[in-house]
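Read through the structure below, which is laid out as structure tokens, and then see the notes.
The values are calculated or read from the model by the stated rules, or taken from the named source; none is laboratory data. Since the model is a prediction, treat every value here as computed from it, not as a measurement. Methodologically, a virtual Cβ is constructed for each residue, glycine included, from the backbone with ideal geometry; neighbour enumeration extends over all protein chains shown.
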Amino acid sequence: MEAVPAHKKFAIIQEMAGCYGSIQRLCEIAGVSRSGYYKWVKRQERPSQKHLEDEQLKEKIQECHEEVKGIYGYRRVKVWLKRKYQLNINHKRVQRMMREMGIRAVIRKKRPYYGKKEPYVISDNHLNRDFHASKPNEK
């Protein structure tokens with residue numbers, strides 16, 4: 001069974017706070033700290049500069065994902081962002097954001113190559129399996 005992330009628990013506590021009683025009791029039931037809940041509420045009211053940058057970056061990642069029909073992984077998305085927007089960001093940050101957004105690269109099926117090929121060269125059978133030579137450089 002997967003553990004529920006704390007931010008999802010905090011969101012549920014915020015919804016239930018008006019109807020079901022004190023926040024302290026709800027935090028105890030959810031198994032999270034009350035101070036952690038209030039820090040989460042404060043972050044929701046005033047997001048940090050990094051959080052705002054991440055939201056803008058997520059929009060650009062989504063744009064890339066739609067433009068290339070989902071075939072790019074985090075490495076190629078990073079290159080795409082650098083070429084299109086001149087953004088120097090770490091690949092781990094792109095990977096984390098793609099994971100948060102639920103974006104994954106589509107693995108394409110290999111297609112057979114029907115291009116031009118060299119014809120097979122079949123040599124004449126001069127030896128006819130007679131490999132014995134009476135002197136050097138005869139065969």
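Here region 1-35 is the region considered, the condition is being in a helix (DSSP H, G or I) and within 29 Å of the chain's Cα centre (by Cα), and the residue that is modelled with the lowest pLDDT is His7.
Can you find a residue in region 38-46 that is hydroxyl-bearing (Ser, Thr, Tyr), surrounded by 13 or more Cβ atoms within 10 Å (Cβ to Cβ) and in a helix (DSSP H, G or I)? Scanning region 38-46, I find at least one residue that is hydroxyl-bearing (Ser, Thr, Tyr), surrounded by 13 or more Cβ atoms within 10 Å (Cβ to Cβ) and in a helix (DSSP H, G or I), so the answer is yes.
Scanning region 67-105 for residues that are loosely packed, with under 12 Cβ neighbours inside 10 Å and aliphatic (A, V, I, L, M) turns up just one, Ile71.
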